[in-house]
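Structure first, then comments.
The values are calculated or read from the model by the stated rules, or taken from the named source; none is laboratory data. Note that this is a predicted model, so its numbers are computed, not measured. Note that each Cβ is placed from the backbone with ideal geometry, even for glycine, and that neighbours are counted across all protein chains shown. Ligands, DNA and RNA are stripped out before the accessible areas are found, and what is left, the full protein with its side chains, is counted by its heavy atoms. Shrake-Rupley method; radii C 1.70, N 1.55, O 1.52, S 1.80 Å.
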Amino acid sequence: MAGKVKWVTDIEKSVLINNFEKRGWVQVTENEDWNFYWMSVQTIRSVFSVETGYRLSDDQIVNHFPNHYELTRKDLMVKNIKRYRKELEKEGSPLAEKDENGKYLYLDFVPVTYMLPADYNLFVEEFRKSPSSTWIMKPCGKAQGKGIFLINKLSQIKKWSRDSKTSSFVSQSTKEAYVISLYINNPLLIGGRKFDLRLYVLVSTYRPLRCYMYKLGFCRFCTVKYTPSTSELDNMFVHLTNVAIQKHGALGSSGCIAWTPRPFCHQEDYNHIHGGKWTVNNLRLYLESTRGKEVTSKLFDEIHWIIVQSLKAVAPVMNNDKHCFECYGYDIIIDDRLKPWLIEVNASPSLTSSTANDRILKYNLINDTLNIAVPNGEIPDCKWNKSPPKEVLGNYEILYDEELAQGDGADRELRSRPGQSLGPRGGRSRDSGRTVLTTWK
């Protein structure tokens, strides 16, 4: 197609703008004709709103789905996953199989979670079953560790209720909506420190679902050694891995970690060379050398499984607008039994760079994302089938393609094998010696 792509953004980040300029695209204002708009979640709301929204033409694309919050708001993500599990159960799907304690064998990947204030009574009932447990409270619509705290007594919830001026727990006010989740108090530690995984996942279409995993994710480490001690519940440098929190942290004690591939020592403060981060590849090498290749491969297969199932859970309610694509930041925590847990999904993963390596990673992430979303850097055409050739994927790899899976009969086979134990990947399932389907992708 003739002509250059006209771009707009309301996020002034060099990793974005440098990528647009490298392609020779032309910057315009939002009031002019544009083809590509990289926008904030606030802007997407007005673009698709009934009152202020406008109809996009076939040569315009944007970087969010209209109701991305079905996945990226903590409360809605959990609600959609619970609904998805119930629907699979109703269908008699083997994916919804449970163990003798009533736990899902293959869909137990989010910690037990309740919405507050709506589910307060249910939460109290659960809390009383194991009163020594710790819970983590998060505001539904905030990011970067804001407003998060840990509790291990019901009185702390009541105090929060009074302090936050919530009139009563019966109130359905979404303004003060929080989620409260069972805290993973047995996280896998490396060098005595807690970490989580940030993985980037690109969705080009929800129906049929087509998603890509970025190979260059990373681990974010806490600057202070982990302790499950209840006296440290209010020390966020022990419990929260968010860079926005950790860059203000100082170590309680200096200690070395045998980081792969070469060791370095943590400084007394947040380290501005590596930013308290490891690449996913380094984590993989570390786990292969300490736990073995087989269990490490199984862990990463389970992480991929979690991501695909969470996207399938929201696909039916997602407004699958043909003008949209989205790059999500998935946050995963691994426990000391090497079980991965989905903590949350971010609609606007940070494009701020805390280190030089970070800047390079995020520049390449945007570059590879644009190569898939805007093929050949040409004026977009929303009517194309959104299936780019393999050579343009860069550091992305196809994670799941529903059309291909249905063509192979994999999805149909998955759903029509009652009584068969279906683990996240082929071979044998962890919970039984029975053979399982060897492909879910």
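If Lys90 passes every condition in (1) surrounded by fewer than 20 Cβ atoms within 10 Å (Cβ to Cβ); (2) modelled with pLDDT of 95 or more; (3) touching a strand residue (DSSP E or B) at 6+ places or on another chain (Cβ under 8 Å) but one, which one does it miss?
(3)
What number of residues within segment 38-83 are farther than 15 Å from Cys324 by Cα and in contact with a Lys or Arg (Cβ under 7 Å, 6 or more places away or on another chain)?
1
When you go through (1) open to solvent by 30 Å² or more (accessible area, probe 1.4 Å); (2) of a type outside the set (Gly, Ala, Ser); (3) in contact (Cβ under 8 Å) with a residue 60 or more places away in the chain one by one for Lys82, which number turns out not to apply?
The single condition Lys82 does not satisfy is (3).
Of the residues Val110, Val124, which single one is part of a loop (DSSP other than H, G, I, E, B) and among the β-branched types (Val, Ile, Thr)? Explain how you work it out, then say what you get.
Working: Val124 fails: part of a loop (DSSP other than H, G, I, E, B).
Step by step, each of Val110, Val124 is checked, and only Val110 is part of a loop (DSSP other than H, G, I, E, B) and among the β-branched types (Val, Ile, Thr).
Out of the residues in segment 149-199 that are among the charged types (D, E, K, R) and modelled with pLDDT of 85 or more, state the one that is most open to solvent (accessible area, probe 1.4 Å).
Lys153
Which pairs turn up if I take residues in segment 37-65 that are over 26 Å from Val345 (Cα atoms) and open to solvent by less than 30 Å² (accessible area, probe 1.4 Å) and look for partners that are of a type outside the set (S, T, N, Q) and assigned to a helix (DSSP H, G or I) with beta carbon separation below 8 Å, at least 6 apart in sequence or on another chain?
Leu56/Val47
Tell me the residue from Pro139, Pro111, Pro131 that is open to solvent by 70 Å² or more (accessible area, probe 1.4 Å) and within 22 Å of Asn185 (Cβ to Cβ), please. Full working, then the answer.
Numbers: Pro139 fails: open to solvent by 70 Å² or more (accessible area, probe 1.4 Å); Pro111 fails: open to solvent by 70 Å² or more (accessible area, probe 1.4 Å).
Answer to the check: Pro131.
I need the full set of residues from segment 39-51 which are outside any helix (DSSP H, G or I) and either charged (D, E, K, R) or touching a Leu at 6+ places or on another chain (Cβ under 6 Å) (or both), in order please.
The answer is Glu51, and nothing else.
Considering only segment 342-360, state which residues are open to solvent by less than 30 Å² (accessible area, probe 1.4 Å) and closer than 24 Å to Ile306 by Cβ.
Once the filter is applied, which keeps residues that are open to solvent by less than 30 Å² (accessible area, probe 1.4 Å) and closer than 24 Å to Ile306 by Cβ, segment 342-360 yields Leu342, Glu344, Val345, Asn346, Ala347, Pro349.
Among the listed residues Leu404, Leu370, Leu365, identify the single one that is open to solvent by less than 30 Å² (accessible area, probe 1.4 Å), of a type in the set (A, V, I, L, M), out of contact with any helix residue (DSSP H, G or I) (no Cβ under 7 Å at 6 or more places or on another chain) and part of a helix (DSSP H, G or I).
Leu365
Could you check segment 105-133 and list, in sequence order, the residues that are aromatic (Phe, Trp, Tyr) and modelled with pLDDT under 95? Working first, answer last.
Initial filter on segment 105-133 (aromatic (Phe, Trp, Tyr)): 106, 109, 114, 120, 123, 127.
Within segment 105-133, Tyr114, Tyr120, Phe123, Phe127 meet the criteria.
Residue by residue through segment 1-32, note down the ones that are of a type in the set (S, T, N, Q) and outside any loop (DSSP other than H, G, I, E, B).
Passing the criteria: Thr9, Ser14, Asn18, Asn19, Gln27.
Counting just the residues of segment 1-36 that are touching a residue at least 24 places away in the same chain (Cβ under 8 Å) and of a type in the set (Asp, Glu), which one comes out nearest to Ser350 (Cα to Cα)?
Among residues in segment 1-36 that are touching a residue at least 24 places away in the same chain (Cβ under 8 Å) and of a type in the set (Asp, Glu), the one nearest to Ser350 (Cα to Cα) is Asp10.
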